[in-house]
Amino acid sequence: MSPRPSKSSPRPRGASRAKAAPAPPVAGDNPTMADLAKVAGVSAITVSRALRESPLVNAETRERIREIARQYGYSFNVSARNLRLRRSMTVAVVVEMKPTLERQMSGPYPLDLLGGITQELTTTGYSVLLTSLQGGALPNVQAADGVILLGQGANEDAMHEVQRWGRPMVVWGAVSRHESQVVVGSDNRRGGALAAERFIALGRSRPVFLGDPAHGEFAERLEGFTGTLGKYGIVPLTPSVASFTVNAGAEAVHALLEKHPQIDALFAASDLLAIGAIRALIERGRRVPEDVSVIGYDDTPLGATYVPPLSSVHQNFVDAGVLLARKIRGLIDGDPASSETLPTHLVVRAT
């Protein structure tokens, strides 16, 4: 009797019952991000972040994923992603200032602010579009996902103009001036108070404030200055200043000394104004700081290297730029954001 035939052929030794793993994409087959993720052994979101150079993925993993993308001919379609998100992935940065030979864009304001903004936005996939108010809202500005405005302008005119563009907006300026907008600024009142306290400690009693209070930041500095001096029964002089330049500071002090030669302290709302004031004081035979103590604002490299080195209130523009970028990114994503004030401190030098 012959043996009964088996119902099936024997399974080869070592054969797996598991479902075969999907084959890796073939070069030229239009692989997807999910395909790359399977090859790399990571999630699709990690692939997306790596291809956008996101700092959320470590450098070794980013390079490995990018190499796999190159190997399989994958091209990261930024336009398609942005279309899905209905975003341009662009933030417009509007600088509210008219550059002149005396007041240039290369100063800490706005350059350090721009550095902080760009550092934060570009590492999270955004492009930065730098513009000014001189040409109005250009089409590429109107297409931006959000706007960062550097400077509110006199009487907040710049802020009101940008507000009409209808984009999410964050403003660098005086936090106390406008409750309906998200504003990032330095503690200007504290800065003014620190200047006043320094003059009081030096025994000065005939101070001057140099700056245009039509600008919210300058107004806050003046409020802190006068409020602290008022505790000692001292009222400062507040001559009008046409602009924020060295020449404007010099002209204002020359005119001031004609009527008030007895001044013994001067707090300027910017370092450029302070440097102009020192020049005028020296031209009038007044010694700094022996006859007149001078304090500026912004703590710029120019002020620190001036002769004599300028005492000044410091504000951290780079940290402020990073904060502005984070807040506009939050607004674009639909998250709540609130105004915020950064600390200031007085740097005492030779004036």
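The values are calculated or read from the model by the stated rules, or taken from the named source; none is laboratory data. Since this is a predicted model, take the numbers as computed values, not measurements. In this analysis, Cβ positions are derived from the backbone assuming ideal geometry, glycine residues included, and neighbour counts consider all displayed protein chains. Surface accessibility is based on the protein's heavy atoms, side chains included, excluding ligands, DNA and RNA. Shrake-Rupley method; radii C 1.70, N 1.55, O 1.52, S 1.80 Å.
Worth a mention:
- Reported count of residues in region 176-193, each being among the hydrophobic types (A, V, I, L, M, F, W, C) and crowded, with 24+ Cβ neighbours inside 10 Å, is 2.
- Scope region 276-325; condition in a helix (DSSP H, G or I), touching a residue at least 12 places away in the same chain (Cβ under 8 Å), open to solvent by 10 Å² or more (accessible area, probe 1.4 Å) and over 30 Å from Ala144 (Cβ atoms); matching residues: Arg279, Glu283, Pro301, Leu302, Ala304
- Flag for Val208 being aliphatic (A, V, I, L, M), at pLDDT below 95 and open to solvent by less than 40 Å² (accessible area, probe 1.4 Å): no
- On the stretch given as region 336-346, residues that are open to solvent by 80 Å² or more (accessible area, probe 1.4 Å) and modelled with pLDDT under 95 total 1.
- For Gly153: the one exception among (1) farther than 30 Å from Leu257 by Cα; (2) at pLDDT below 95; (3) in contact with a helix residue (DSSP H, G or I) (Cβ under 9 Å, 6 or more places away or on another chain): (1)
- Unique match (being open to solvent by less than 20 Å² (accessible area, probe 1.4 Å), in a loop (DSSP other than H, G, I, E, B) and touching a residue at least 12 places away in the same chain (Cβ under 8 Å)) among Ile263, Ile328: Ile263
- Where a residue in region 151-168 is in contact (Cβ under 8 Å) with a residue 60 or more places away in the chain and open to solvent by 50 Å² or more (accessible area, probe 1.4 Å) and its partner, wherever it lies, is outside any helix (DSSP H, G or I) and of a type outside the set (Lys, Arg), with Cβ under 8 Å and at least six apart: Arg167/Ala92; Arg167/Ala144; Arg167/Asp145; Arg167/Gly146; Arg167/Val147
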